[in-house]
Amino acid sequence: MDFERHSYDVVVVGAGGAGLRAAIAAHEAGARTAVVCKSLLGKAHTVMAEGGIAAAMGNAYPEDDWRVHFRDTMRGGKMLNHWRMAQLHAQEAPDRVRELEDWGALFDRTPDGLISQRDFGGHRYARLAHVGDRTGLELIRTLQQRTVALGVDVYMECTVTRLLTDAEGITGAFGYWRESGRFVAWEAPSVVLATGGIGKAYKVTSNSWEYTGDGHSLALQAGAGLVNMEFVQFHPTGMVWPPSVRGILVTESVRGDGGVLRNSAGNRFMFDYIPDFFRKETAETEDEADRWYDDKKNNRRPPELLPRDEVARAINSEVKAGRGSPHGGVFLDIASRRPADYVRRRLPSMYHQFKELADVDITAEPMEVGPTCHYVMGGVQVDPDTAEASVAGLFAAGEVAGGMHGSNRLGGNSLSDLLVFGRRAGAAAAEHAGKRAGLVALREEALAEAARAALEPFEREGGENPYAVQSELQQTMHDLVGIIRTAPEMERALERIAALRERVAALSVEGHRQYNPGWHLALDLPHLLAVSECIARAALARQESRGGHTRDDFPATDQAWGRLNLVCTRTPDGGVTVARQPLPEMPPELAEVFEEQP
Ligand code: FAD
């Protein structure tokens, strides 16, 4: 067929933190490397990250080390994390931050010139390296500059729609240029997926338009397994008003820097929601909680800084009990607790966000906030050391990969995850490509089939509009597979997803291939449906509540389920099946960390 073709050793799909770090590592290992991304370079989701990168550098508290970070991460994930990923992450994150600094990143400093580290929920010590509340921007700027300076080829505004495989594994990828609609194929023995998350499956989300679960779905289609898909993180604090900005994130740093949550009666309700699991390490009174900000050694943490799943559920309960704010959230108050110049200096983006989008001055009045779909813990099941999936030559890093965060991710642990596993994925992908050099070729029939499938929506006439289907899917996931779940609701969601799948197979798009957002969405929709089905099926199968998965019909956390992962794979007829898999056993020297006092 007549379209653009390229040949590389490693093709990285995605140019967020994970993709760029993988590309740098692959290039440095000598691989001919390309990065492909759906939007402009620099516009990846990572750029939106606000609070910081978690790394046990010990700058704020010398007693912090990787073991404490490992312990916090596992406890935050309710022990369902892959222990080896959590270990590598905690051990390597400090080096990845220092390396960023060597490459030109300018972090905020302590008075004695070290990288400053701030508090976040679930982290025992102040541990987040940050740049105001614009950390992701600095991270992307630094990685992007290095990627371009090294001479890695970048294909931007280019969407991958298929992974190409043969009996031995990956042979390349297929996609289209968003502007011209023309097709492009890359021959490569290694593909690294770094496509981020799935937020656009939900109606209220902090995620941008790119988060349609493409990498999750491409991996599933290629034969890989998706692990932990039932665990979706609803960040407790998204904007709730006005409707046009509903879901936009309000960073956890507001609480880390002294902000507190109150209900309509003015009560700091989080004291009523401290679970036994975290009781020993959480303050019991407002006085103790307030003292903690100045003296962390002799006081316990405020309950507002419990892990995100706990805080999101508490807000949900307050609103349901009729104690919410006028627009269906609760109040987040930093104005009465910190001087205005402190708020403007520590939280400049939040100040502008509320001023410009909601006409609220956060130095003078409280914000209204509520849960928003933020992050997916589930993703491609990978080998912890190499990030390789069960399909040879397929690697996954960053939010698209699963296992690292268990049932709930701690804030700040994503940016560090991107760097640690992006680097590992890029290096392993280069090594794999070295072994398969000259052995892969693109099959003409596979390319023709990928092109035919992509053009199908133009062939049909009179079908329905893709935007209507997307909005119904988002409403379905919001209503039936949201923060609190029940079996009958999830069964209904699965029926609706099946019906939507039939509608997607019949929808049509108008116009031609030059920049046609309706067509782009029509190609994204099968991915959104695939990830939604995986989430609903895994959530229905897990009969307990844990982390980002709360069952109204199974409210307790169950020890037996705590030893099991759920893995989604494709069936031959295109459906999804869910299998139970025992959790890998943690070695005794790591298990000892949990016997120490909190
Ligand atoms: P992304 O940065 O999203 O990059 C995905 C890339 O894949 C993009 O380049 C996209 O164009 C590309 N892509 C997707 N599909 C395709 C396709 N089919 N073809 C080609 N390209 C494709 N985490 C923290 O640790 N600390 C924080 O302070 C923090 N703050 C956050 C604030 C906000 C508002 C949000 C939304 C998230 C925040 N997170 C934070 C989470 C963190 O930012 C993300 O989890 C992380 O950036 C994901 O990085 P990634 O490299 O996996 O994917």
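The values are calculated or read from the model by the stated rules, or taken from the named source; none is laboratory data. Since the structure is predicted, the reported quantities are computational estimates derived from the model, not experimental observations. Every residue, glycine among them, receives a Cβ derived from its backbone with ideal geometry; neighbour counts consider all protein chains shown.
Summary of computed values
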{"quantity": "Selection count where residues are part of a loop (DSSP other than H, G, I, E, B), closer than 24 Å to D295 by Cβ and over 23 Å from the mean Cα position of the chain (by Cα), scope the range 89-124", "calculated": "7"}
{"quantity": "The lone exception for P384 - which of (1) more than 16 Å from the ligand (Cβ to nearest atom); (2) crowded, with 22+ Cβ neighbours inside 10 Å it fails", "calculated": "(2)"}
{"quantity": "Positions within the range 215-255 being part of a helix (DSSP H, G or I), out of contact with any helix residue (DSSP H, G or I) (no Cβ under 7 Å at 6 or more places or on another chain), more than 10 Å from the ligand (Cβ to nearest atom) and assigned by the TED database to the domain that holds A49, in sequence order", "calculated": "A219, Q221, A222"}
{"quantity": "Failed item in (1) more than 16 Å from the ligand (Cβ to nearest atom); (2) out of contact with any Gly (no Cβ under 9 Å at 6 or more places or on another chain); (3) charged (D, E, K, R), with R424 passing the rest", "calculated": "(1)"}
{"quantity": "Residue match in the range 154-174 (condition: without any contact (Cβ under 8 Å) to a residue 60 or more places away in the chain and in a loop (DSSP other than H, G, I, E, B))", "calculated": "yes"}
{"quantity": "In the range 183-214, the residues that are over 14 Å from V35 (Cα atoms) and not in a loop (DSSP other than H, G, I, E, B)", "calculated": "F183, G199, K200, A201, T205, D214"}
{"quantity": "Within the range 34-46, tally of residues that are touching a helix residue (DSSP H, G or I) at 6+ places or on another chain (Cβ under 7 Å), farther than 14 Å from V13 by Cβ and more than 7 Å from the ligand (Cβ to nearest atom)", "calculated": "1"}
{"quantity": "Qualifying residue in the range 40-54 (condition: in contact (Cβ under 8 Å) with a residue 60 or more places away in the chain, among the hydrophobic types (A, V, I, L, M, F, W, C) and within 30 Å of R436 (Cα to Cα))", "calculated": "yes"}
{"quantity": "Meets criteria (surrounded by fewer than 24 Cβ atoms within 10 Å (Cβ to Cβ), hydrophobic (A, V, I, L, M, F, W, C) and within 16 Å of the ligand (Cβ to nearest atom)) for L357", "calculated": "yes"}
{"quantity": "Failed item, numbered, when L419 is tested on (1) assigned to a helix (DSSP H, G or I); (2) at positive phi", "calculated": "(2)"}
{"quantity": "Condition check for A54: in contact with a Lys or Arg (Cβ under 8 Å, 6 or more places away or on another chain), within 15 Å of the ligand (Cβ to nearest atom), assigned by the TED database to the domain that holds S206 and within 26 Å of G238 (Cα to Cα)", "calculated": "yes"}
{"quantity": "Leading residue by the ranking (nearest to R423 (Cα to Cα)) among those in the range 6-52 that are basic (K, R) and at pLDDT 95 or above", "calculated": "R21"}
{"quantity": "Selection from the range 29-38 of residues that are of a type in the set (G, A, S) and part of a loop (DSSP other than H, G, I, E, B)", "calculated": "A29, G30, A31"}
{"quantity": "2 or more residues more than 30 Å from the chain's Cα centre (by Cα) and touching a residue at least 40 places away in the same chain (Cβ under 8 Å): qualifying helices (runs of 4 or more DSSP H) within the range 432-515", "calculated": "444-459"}
{"quantity": "Set A86, A26: member being within 16 Å of the ligand (Cβ to nearest atom), under 29 Å from W186 (Cα atoms) and outside any loop (DSSP other than H, G, I, E, B)", "calculated": "A26"}
{"quantity": "Top-ranked residue of the range 256-278 - restricted to ones that are assigned to a helix (DSSP H, G or I) and modelled with pLDDT of 95 or more, ranked as farthest from A321 (Cα to Cα)", "calculated": "F271"}
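Conditions tested, residue by residue: (1) in contact (Cβ under 8 Å) with a residue 24 or more places away in the chain; (2) more than 26 Å from H235 (Cα to Cα); (3) out of contact with any helix residue (DSSP H, G or I) (no Cβ under 7 Å at 6 or more places or on another chain).
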{"site": "E533", "(1), (2), (3)": "yes, no, no"}
{"site": "S545", "(1), (2), (3)": "no, no, yes"}
{"site": "W561", "(1), (2), (3)": "no, no, yes"}
{"site": "N565", "(1), (2), (3)": "yes, no, yes"}
{"site": "D573", "(1), (2), (3)": "no, yes, yes"}
{"site": "V593", "(1), (2), (3)": "yes, yes, no"}
